[in-house]
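The values are calculated or read from the model by the stated rules, or taken from the named source; none is laboratory data. Source: prediction; values computed, not measured. Neighbour counts run over all protein chains shown; Cβ positions are idealised from the backbone, glycine included.
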Amino acid sequence: MTDGLSQRSPYAGRWVARVRGKIVAQGDTPEQALRASQQSRHKERPEIIFMLSLPPLIKRILDILPADQQIYLVGGAVRDLLLSRPSPDLDFALPAKGISLARTVANALHADFIPLDEERDTGRVIFTDEDGTRIFLDFAVYRGADLIEDLRARDFTINAIAYNLRDETIIDPTEGGKDLRAKTIRACSPTSLADDPVRILRAIRQAAAFDLHIEKNTRELMKQSADQLGRISPERLRDEVFKILKGPKPHACIRALEMLGVLPYLLPELVAMKGVEQSEPHMHDVWTHTLAVLDYLDQAISALRVGYDAEKTNDMFTGLLGLRLGRYREQIAKHFAEPLNVDRSLRSLLFFAALYHDVSKPETKTVEESGRTRFFDHDVQGAEVAAERLRSFNVSNDEVERTQAIIKNHMRIHFFADRLQKEKQSPSRKAIYRFFRDSGKAGIDLVLLGLADLRATRAHALTIETWNVYLDVARILLENYFEKPEEAISPPRLLDGNTLMKELGIKPGPTVGQLLESIRENQAAGKIETIEQALAFAREELTKLS
């Protein structure tokens, strides 16, 4: 097998024609390889195969298993290899002993093992690479009488392709390879979506991830099965939602879910936003605005990624964003690299917050006599609505709290910018301290969301002057957070509660906490620098409270 792997390397990612074990022609498609072989070997019938560039880990697995063990690489892993993309998950199909063989592989690789589904004899191996990357290896027996029946019962044809690791051949009963080349997502059967409605979300996600279009009949099947999402576990729905928000074009994905009639059964709180009009400077209703926020947030995060060249963008606002805030690329990358849950990215959580940041505008809408529309407390109420949805998805408390902090405080950026533009007043040191005291690490997310929110609000009416004001506010906040944390964000504590009670002769209670917080706030404002100043300030404040 080693020789076969090395032989494939010059042809990796190509279709080849093979006669008696020798490669005689190649092409981008099976048809091209066949035609090329017929020109030189017109009397011989070649074997047409695709030469995959297999990960080295697969070679190790084959060496661990018995030489006569039938094993097929299946599903998304084959699709990704056909597209020459890395795959974090490797699924294997076997005729029997899925859990047993998974345990054997895990022991040999010194990896973690989980009996994933005993009823379906499926075992999972979690292999951690040298760089810390986790690779999931699932070993499952056929779901059906044989491999062909297993493949035909899968979701979409592009995921119903198998690769025989023993003889290096492709098995493709539903013509998924043809659909992949045609950039099409097509259901394997008329019951594919009804059998497992979560596949509706997967189709949307994969269409965005691989730049594919969903075939018309498959779209109809998705619409027909949308009302069945209620029978899917909250955890499976959650995982697909967060994968969508983590991936490319989240705004287009959510829009597609809306058009297919999925939202009432998935994220029902969002439905009421459609058609809710807003006063100027808003250019869109609440729902259209929300989708635009997702789009501009995606652009903003991309513009601030490490390696992005701000001078190559054709969008003036994005270019300015990169030039003005680009010095914080590495810090922002580090921020997003520290998730609150190992299974969900911080980026996806921010996009969830963006999706829900205006969710309570419909019920808080009021129209003044002047005709102006207001949405009092939509930020506070929206934070609770989003929290309830997240709790129903069984996410961690840390993720719920981070999302609440983002939504509850998302208007503060606008207040800062409005004051700077109208009164020429930059955020004070005390205001900056309070902002990060209330939001913590979510303050970084709030800066990015605030910029996206502005662009979605003003749209084509946004001026460079206003954009620069917001960039000034963003720079001030990021500068203090990243460059002056001990001075402005979290000044060193000069006193503890016991010392304060002893010096002031007061008893334990809320007053102690209030005084300590006031001291830190005035430290951040530059008004208190020593213990003596802190005690003097506390004594003065205590007289005001008494």
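Entry remark, the range 112-136: residues being under 18 Å from ILE58 (Cα atoms), without any contact (Cβ under 8 Å) to a residue 24 or more places away in the chain and among the hydrophobic types (A, V, I, L, M, F, W, C) number 3 in total. Out of all the residues in the range 207-240, which are of a type in the set (S, T, N, Q) and either under 17 Å from LYS178 (Cβ atoms) or in the same structural domain as LEU349 (by TED's automatic domain parsing) (or both)? Within the range 207-240, ASN217, THR218 qualify.
Taking the conditions exactly as written (closer than 15 Å to TYR265 by Cα, modelled with pLDDT of 95 or more and not in a helix (DSSP H, G or I)), does PRO190 satisfy them or not?
Values: closer than 15 Å to TYR265 by Cα: no; modelled with pLDDT of 95 or more: yes; not in a helix (DSSP H, G or I): yes.
In short, no.
Say we look at the range 367-384 and pick out the residues that are part of a loop (DSSP other than H, G, I, E, B) and in contact with a Ser or Thr (Cβ under 7 Å, 6 or more places away or on another chain); which of these is nearest to HIS282 (Cα to Cα)? Result: ARG372.
Looking at the structure I just gave you, is LEU494 surrounded by 18 or more Cβ atoms within 10 Å (Cβ to Cβ) and outside any helix (DSSP H, G or I)?
Details: surrounded by 18 or more Cβ atoms within 10 Å (Cβ to Cβ): yes; outside any helix (DSSP H, G or I): yes.
For LEU494, the condition - surrounded by 18 or more Cβ atoms within 10 Å (Cβ to Cβ) and outside any helix (DSSP H, G or I) - is met.
Looking across GLN404, GLN425, GLN421, one residue alone is crowded, with 19+ Cβ neighbours inside 10 Å and of a type outside the set (Asp, Glu). It is GLN404. As a summary of the residue check, ILE48 satisfies the conditions (1) surrounded by 21 or more Cβ atoms within 10 Å (Cβ to Cβ); (2) in contact with a strand residue (DSSP E or B) (Cβ under 6 Å, 6 or more places away or on another chain); (3) among the β-branched types (Val, Ile, Thr) except for the one numbered (1). Could you tell me whether the range 316-336 includes any residue that is in a loop (DSSP other than H, G, I, E, B) and out of contact with any Leu (no Cβ under 7 Å at 6 or more places or on another chain)? For the range 316-336, residues in a loop (DSSP other than H, G, I, E, B) and out of contact with any Leu (no Cβ under 7 Å at 6 or more places or on another chain): absent. Scanning the range 132-150 for residues that are under 25 Å from ILE64 (Cβ atoms) and touching a strand residue (DSSP E or B) at 6+ places or on another chain (Cβ under 8 Å) yields ARG134, ILE135, PHE136, LEU137, ASP138, PHE139, ALA140, VAL141, TYR142, LEU147, ASP150.
Checked against (1) among the hydrophobic types (A, V, I, L, M, F, W, C); (2) in contact with a helix residue (DSSP H, G or I) (Cβ under 8 Å, 6 or more places away or on another chain); (3) at pLDDT 95 or above, LEU323 passes all but a single condition, namely (3).
I need a count of the residues in the range 129-164 that are among the aromatic types (Phe, Trp, Tyr), farther than 21 Å from LEU101 by Cβ and over 28 Å from the mean Cα position of the chain (by Cα). Give the derivation first.
Of the range 129-164, the ones among the aromatic types (Phe, Trp, Tyr) are 136, 139, 142, 156, 163.
Checking which are farther than 21 Å from LEU101 by Cβ leaves us with 156.
Pick out the ones that are also over 28 Å from the mean Cα position of the chain (by Cα) and you get none.
Of the residues in that region, 0 qualify.
Just one residue in the set GLU280, GLU258 is outside the structural domain of THR364 (by TED's automatic domain parsing) and either out of contact with any helix residue (DSSP H, G or I) (no Cβ under 7 Å at 6 or more places or on another chain) or hydroxyl-bearing (Ser, Thr, Tyr) (or both); that residue is GLU258.
Touching a residue at least 12 places away in the same chain (Cβ under 8 Å), within 21 Å of LEU294 (Cα to Cα) and in contact with a Pro (Cβ under 9 Å, 6 or more places away or on another chain): which single residue out of ALA226, ALA209, ALA256 fits that description? Show your work before the answer.
Numbers: ALA226 fails: within 21 Å of LEU294 (Cα to Cα); ALA256 fails: in contact with a Pro (Cβ under 9 Å, 6 or more places away or on another chain).
Every option except ALA209 fails the conditions.
Table: residues versus (1) of a type in the set (Gly, Ala, Ser); (2) closer than 23 Å to PRO55 by Cβ; (3) crowded, with 21+ Cβ neighbours inside 10 Å.
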residue: THR133; (1), (2), (3): no, yes, no
residue: ALA140; (1), (2), (3): yes, yes, yes
residue: GLY176; (1), (2), (3): yes, yes, yes
residue: ALA182; (1), (2), (3): yes, no, no
residue: ILE185; (1), (2), (3): no, no, yes
residue: SER189; (1), (2), (3): yes, no, no
residue: HIS213; (1), (2), (3): no, no, no
residue: SER233; (1), (2), (3): yes, no, no
residue: ARG236; (1), (2), (3): no, no, no
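Please return the ranges of helices (runs of 4 or more DSSP H) entirely within the range 22-140 where 2 or more residues are modelled with pLDDT of 90 or more.
Numbers: elements: 30-40, 56-64, 76-82, 98-109.
Fully inside the range 22-140 and qualifying: 56-64, 76-82, 98-109.
Among the residues of the range 37-61, those identified as under 30 Å from the mean Cα position of the chain (by Cα) and farther than 20 Å from VAL125 by Cβ are LEU52, SER53.
Condition check for GLY526 on (1) of a type outside the set (Ser, Thr, Tyr); (2) over 24 Å from ASP438 (Cα atoms); (3) not in a helix (DSSP H, G or I): one failure, at (2). Can we say LEU478 is of a type in the set (A, V, I, L, M) and not in a helix (DSSP H, G or I)? No, not satisfied. The condition of being surrounded by fewer than 22 Cβ atoms within 10 Å (Cβ to Cβ) and of a type in the set (A, V, I, L, M) holds for only one of VAL241, VAL198, VAL262, that being VAL198.
Being farther than 23 Å from ARG134 by Cβ and either out of contact with any helix residue (DSSP H, G or I) (no Cβ under 6 Å at 6 or more places or on another chain) or β-branched (Val, Ile, Thr) (or both) is true for just one of GLU338, GLU369. Which residue is that? Only one candidate qualifies: GLU369. Looking only at residues in the range 520-546 that are in contact with a Pro (Cβ under 9 Å, 6 or more places away or on another chain) and of a type in the set (A, V, I, L, M), the one that is surrounded by the most Cβ atoms within 10 Å (Cβ to Cβ) is ALA524. Checked against (1) in contact with a helix residue (DSSP H, G or I) (Cβ under 9 Å, 6 or more places away or on another chain); (2) over 19 Å from TYR433 (Cα atoms); (3) assigned to a helix (DSSP H, G or I); (4) not assigned by TED's automatic domain parsing to the domain that holds SER426, ALA534 passes all but condition (2). One residue stands out in the range 302-338 among those that are of a type in the set (A, V, I, L, M) and buried (at least 16 other Cβ atoms within 10 Å of the Cβ): the one that is farthest from the chain's Cα centre (by Cα), namely LEU320. Selection of first residues in the range 465-486 that are within 16 Å of GLN421 (Cβ to Cβ) and of second residues that are at pLDDT 95 or above and hydroxyl-bearing (Ser, Thr, Tyr), restricted to Cβ pairs under 7 Å at least 6 apart or on distinct chains, gives the following pairs, ordered by first then second residue: ILE476/SER426.
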